[in-house]
Amino acid sequence: MNLDERALMSMIQNVDRPKPLMIGRLCIDPPLALAPMAGICDRHFRLLVRRVGGVGLVSMEFISSEAITRGVRPELDKLAFSDEERPLAIQIYGRDAQRMADCAAIVDELGADVCDINMGCPANKVLKGCAGASLMGDLDRARRIIEACRRQLTIPLTVKFRLGLGRGAQPVNYLELGKICEDLGVDAVTLHGRTAKQMYTGRADWEQSRWLKQSLRIPVIGNGDVASPHDAVRMLQQTGCDGVMIGRGVLADPWIFRRTASLLAGSPPDPPTLGERLDLIRTHFRWIVREYDQRTALHKLRTFTGKYTRGLPNGRRLRHQIGTLDRADQFLPALERHFDELQRLGQELSAEAGA
Ligand SMILES: Cc1cc2nc3c(=O)[nH]c(=O)nc-3n(C[C@H](O)[C@H](O)[C@H](O)COP(=O)(O)O)c2cc1C
């Protein structure tokens, strides 16, 4: 048994089975959530992650309250979801309390399981509109938005934020915002352990998640830099958080929730087989080609090929080759050829090993 295997076995033996995450009356079990990711968490990706298994809550990419309340078609289309995805959170963002409340009422009426407010997005476009993380620099406005949404909602309300803006008079104020959320009847909060100024640089500071958890009575979901099942278990252990939210780690490994749930249940977090990998890519790519226009489909296929083939033997060669394709229907055959080659290579290697 090598060192990694020994460490893994000891983690499996010592892992505490976590309690389900309660968001209001909603029970999230296992306490693992798919992070909202713009351009990624459309209904196909959410369904895919749900079908792989192990995820407790999936989240929609953020939805503009401004666009929804003005009836902008492409934004309204994003709100579609199926029962198979449940439990599902719809995340909304905006700066105007009335529009946010109207949008929350729509989310409620649509029958989502959770309404989440984005107070953490550091993108310039969103910050300039005084939404997302910029609300951490204007806690009065944040308070008005939360109050207005709470009044409209019959479903649980959550708020997702960062450590703070990372500049100005109060660069870090997540404890204050967390307390505001609790006092206003928010059912749970998610903390991404970076400031807005950091964007995605540096490391997420899990220690701050531990402090937030210690200072609040409502559940706290930890987020940031969970890239493996072991990371997820470590985050639960180190922070005492009630749940873990994973974003980029799911792109690199769509099986991360199933594997983490397995580790939490005391079993090894087995990786997928080559066949499972291909099946998942095949399903996803067929959905993309069927649903989107050529330009959007190409963009999505390139994004996901880049993520799904990371770590595969000869993955770089494949990504280079895929970069030259200019029609969406060429992607799947190219990937299938690559997987056939890998399968052959694997068989030859095991034949050689057995000889
Ligand atoms: C491509 C991309 C899109 C994102 N879009 C959103 C979003 O719509 N709403 C949000 O609250 N956070 C968004 N995030 C942030 C993630 O939800 C998460 O907080 C962040 O990636 C840290 O978690 P991770 O290290 O597990 O990826 C996005 C992140 C990425 C990489």
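Suppose every K and R has +1 on its Cβ and every D and E has -1 on its Cβ; what is the size of the dipole of region 120-209 about the Cα centre, in Debye to the nearest 20?
I would put it at about 420 debye.
When the chain is fully extended, how far beyond the present Cα-Cα distance does Lys307 get from Thr154, taking 0.36 nm per residue of separation?
On the way: separation 153, 0.36 × 153 = 55.08 nm, distance 3.74 nm.
Stretched out fully, the Lys307 to Thr154 stretch lengthens by 51.3 nm.
Could you list, in their original order, any pairs among Lys78/Lys128; Lys125/Lys307; Lys125/Lys300; Lys179/Lys300; Lys19/Lys307 whose Cα atoms are separated by more than 29 Å?
On the way: Lys78/Lys128 23 Å; Lys125/Lys307 25 Å; Lys125/Lys300 21 Å; Lys179/Lys300 39 Å; Lys19/Lys307 31 Å.
The pairs that break the limit, which is 29 Å between Cα atoms, are Lys179/Lys300; Lys19/Lys307.
Along each principal axis of its Cα atoms, how long is region 274-354 end to end? Whole angstroms, biggest number first, please.
Cα extents, longest axis first: 48, 22, 17 Å.
Let me check the size of region 32-90 from its C-alpha atoms; what are the radius of gyration and Dmax in Å?
Both quantities, over Cα of region 32-90: 11.6, 37 Å.
Sort the following peptides by mean Cβ neighbour count (other Cβ atoms within 10 Å, averaged over residues), highest first: 161-172, 263-274. Numbers along the way, then the final one.
Working: 161-172: 18.2, 263-274: 15.0.
Descending mean neighbour count gives 161-172, 263-274.
Specify the angular offset, from 0 to 90 degrees and rounded to the nearest 10, of the alpha carbon long axis of helix 3-14 from the longest principal axis of the alpha carbons in the chain.
Tilt relative to the chain: about 50 degrees.
So how do Trp211, Trp255 line up by other beta-carbon neighbours within 10 Å, fewest first? Before the final figure, lay out each step's value.
On the way: Trp211 16, Trp255 21.
Neighbour counts put them in this order, fewest first: Trp211, Trp255.
Would you mind ranking Tyr308, Tyr292, Tyr200 so that the residue whose beta carbon has the fewest other beta carbons within 10 Å leads the list? If you can, show how the numbers build up before the last one.
Details: Tyr308 23, Tyr292 17, Tyr200 12.
Ascending number of Cβ neighbours within 10 Å: Tyr200, Tyr292, Tyr308.
Per DSSP helix of 4 or more residues, -39500 (n - 2.57); summed, then divided by the residues of the chain. What does that give at 222 nm, rounded to the nearest 500? Numbers along the way, then the final one.
Working: 16 runs with 177 residues, N = 355.
When only DSSP H runs of four or more count, the value is -15000 deg cm²/dmol.
Express the relative contact order of the chain as a whole percentage, based on alpha carbon pairs under 8 Å and six or more residues apart in sequence.
Result for the chain is 14 percent.
Please name which of Ala67, Phe331, Gly311 has its Cα lying farthest along the dipole of the chain towards the positive end, using unit charges on Cβ (Lys, Arg +1; Asp, Glu -1) and the Cα centre as origin.
Ala67
Would you work out the charge dipole size for the chain about its Cα centre, treating the Cβ of every Lys and Arg as +1 and the Cβ of every Asp and Glu as -1, and quote it to the nearest 20 debye? Working shown, then result.
Values: 50 positive and 43 negative charges, 159 e Å.
Magnitude of the dipole: close to 760 debye.
Counting Lys and Arg as +1 and Asp and Glu as -1, each charge on the Cβ, what is the dipole of region 274-354 about the Cα centre in debye, to the nearest 20? Mind showing how you got there, number by number?
On the way: 15 positive and 11 negative charges, 85 e Å.
Charge dipole, region 274-354, about its Cα centre: 400 debye, nearest 20.
Could you tell me the ratio Rg/Rh of the chain? Both radii from Cα atoms, Rh via Kirkwood.
Values: Rg = 21.1 Å, Rh = 21.3 Å.
Using only Cα positions, Rg/Rh for the chain is 0.99.
Sequence gap at least 6, Cα distance under 8 Å: using those rules, report the relative contact order of region 274-354 to the nearest whole percent.
Working: 37 pairs, mean separation 25.8, N = 81.
32 percent.
Read-outs throughout are calculated quantities, based only on the coordinates presented, and are distinct from any laboratory measurement. Just so you know, these numbers come straight off a predicted model, no measurement behind them. Counting neighbours? That spans all protein chains shown, and the Cβs are built from the backbone with ideal geometry, glycine included.
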